[in-house]
Amino acid sequence: MRIGYLHIGETKQGIVRYGRLLAHEAKQRADLAVIEAELELTGEKHRDLKQLTEVAHKLSAADVVHFQYNSQIWGGRDRQLAYLRSFFQFCTTPRIVTLHDVYYPPSSAVLAQQYFSKSKHVSLSEFVKAVFRDRLSPNVLALHQVIERSQTVLVCTQEEARRLRDRTTSSKVKVVPHFVEARHLQIDRAEARKSLGLDGLTVITLLGFIYSGKGHQLLIEALPQLPDTVKVVFAGGANSGQEAYYQGLMALAEKIGVSDRIRVTGYLSEQDLEQYLIATDLAVCPFQRASASGSLSTWISVAQPILASNIAQVSEYNDLEPNAIQVFHPYTATALGQSIEAKISRQHDNQAISRLRQQLAISTIFDQHLSCYEETLATR
């Protein structure tokens, strides 16, 4: 089987890395051939469409093509519809898409059903907004185009599949969990902590791009409850468009007197990232909402103890392996601070998270992708 992979977007994007790792795993299989095409959109529409046409023709030599989708990597609200149309027009091979960042408000059809069944109060203005959104929103229109023009649609969690039910009844949607990559760390923990200037500190790390909803503010608000020896690391930088939010976070930290206990790393190379991973005492994931989480998968890959908010995706992990990830609730700074203090005051048993890592190993999850590729070809 010849499998095509489209890597579209900035190379530092987690979604791009997700596709690259799948392609790398496919190359390890002797009975598979891999065709890869890379494209970083420039914002110059004519040039981007020309490049999309070229990569679509290249990928058409494959038996099946797997690509990733969210609005941002496909050019954002203003460009994505044209770019998707061009790709679908010239890529003639059966297509499989993995959807990322599945956040969509209820459709007008769902709101109408709730209104007439009286299962939920729906105002007229709310319904009218939904009607216009369904007809005019580039993100909603792009989602429907991707689903309609792909033979198979993958999501990483049952929660994402549930969210999609408000938008499609398609039987194309399948759940394949987010893989955990294989890491072979050659870094000594003590050496990593010393080189990072973290000796003698308890290191709490929140990994990934900084944006509202990921829980950075809650962690800052919880920090005054914790011992002075606790250092918080934000391992990542501000996401595009979130610069004002980041400045607000730093102003809050200054106001409550904890700015000297917070380190913001900015974008990390793979080598530097692994240093912070191994130097961390407790990974904290206080997400208000999440789609599939690459940062959770990264923490699982090194079997570090994790404390997370009580969201559906974390429950799915704990369904696979009970107590692999500890949760805090309610979603308050007090509850988070108390849970962190309880976790750092005792020794951690990482056996459950190690078993979860084994279940989600990329070689195992790729086998599930391969089954989807084969089914797509069989039903072509």
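Things worth noting here:
- Accessible-area order (highest first, 1.4 angstrom probe) of the listed residues K129, K172: K129, K172
- Measuring gaps between exposed loop sites in the chain (GluC sites (Glu not before Pro); DSSP loop; at most 15 other Cβ atoms within 10 Å), the longest gap, sites not included, is 45-380.
- Sulfur and carbon atoms: percent of accessible area, segment 228-380 [1.4 Å]: 45 percent
- Segment 237-380, accessible area per residue, ligands and nucleic acids excluded (1.4 Å, Å²): 47 Å²
- For semi-axes √(5λ) of the Cα gyration tensor in Å, computed directly from the structure shown, the correct entry in (i) 36, 26, 21; (ii) 40, 29, 17; (iii) 38, 23, 17 is (i).
- Bridges between two residues of the chain, per DSSP, are antiparallel at a rate of about 0%.
- Kirkwood estimate for segment 128-232, i.e. one over the average of 1/r between Cα atoms, Å: 18.6 Å
- J(HN,Hα) series, segment 151-156, from Karplus relation 6.51 cos²θ - 1.76 cosθ + 1.60, nearest Hz, glycine and proline x: 7, 9, 10, 10, 10, 9
- Prolate/oblate/rounded label for segment 224-350 (Cα gyration tensor, a/c 1.5): rounded
- Principal-axis analysis of the Cα atoms of the chain puts helix 108-117 at an angle of about 80° to the longest axis.
- With Rh defined as the Kirkwood radius, the inverse of the mean 1/r over Cα pairs, the Rg/Rh of segment 180-298 is 0.95.
The values are calculated or read from the model by the stated rules, or taken from the named source; none is laboratory data. What you see is a predicted model; the values in this text were computed from it and never measured. All Cβ positions, even for glycine, are placed from backbone atoms using ideal geometry, and neighbour counts span all protein chains on display. Calculation scope for accessible area: heavy atoms of the full protein, side chains included, ligands and nucleic acids excluded. Shrake-Rupley method; radii C 1.70, N 1.55, O 1.52, S 1.80 Å.
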